[in-house]
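Encoded as structure tokens, the structure appears first; notes follow it.
The values are calculated or read from the model by the stated rules, or taken from the named source; none is laboratory data. Computed from a predicted structure; not experimentally measured. Glycine also receives a Cβ, built like all others from the backbone with ideal geometry; neighbour counts cover every protein chain displayed. Heavy atoms of the whole protein, side chains included, go into the accessibility calculation; ligands, DNA and RNA do not. Shrake-Rupley method; radii C 1.70, N 1.55, O 1.52, S 1.80 Å.
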Amino acid sequence: MENVPNDETIEKILEEDHAEIKNGGRKKSCLVRALIVIILLIVIFFSFIYVQQYLLDLEAEVIVRAAQTGTALANEPSTKISPVSDEAQPDTLNSNEQPTPTPDLKTERTATVSAQLTSVAEFQKTVTSEP
């Protein structure tokens, strides 16, 4: 009969140990979970800022390139001599006259796109009063 009280005390001690392990484990796991959630929120926040900065850099680069294209086209001479041999040209042209240039479709398209991008960028910069 001496074994019976000892078994009961051992069982009580084991139950108390299990209860302490369960309570202590939950407290630690809650702290660890909260720490993981905070770290994830910080990573998401900084990645959002990084993506926004990258998009703003791309937009600024587009504005600069559109301005460069517009100024380059403005500085470029507008008349281009068509590649026709001297023999094929009629002799009716005066020495001061130049033949009419053929339109360069790539240059016209580039100028149109750069003008559109510049106007869009300027429109996005405008500040409107909020109602």
Task: Residue count for the stretch 41-85, restricted to those that are more than 24 Å from E122 (Cβ to Cβ), open to solvent by 100 Å² or more (accessible area, probe 1.4 Å) and either of a type in the set (D, E) or modelled with pLDDT of 75 or more (or both) - done: 6
Task: the stretch 93-127: number of residues that are modelled with pLDDT of 75 or more and part of a loop (DSSP other than H, G, I, E, B) - done: 3
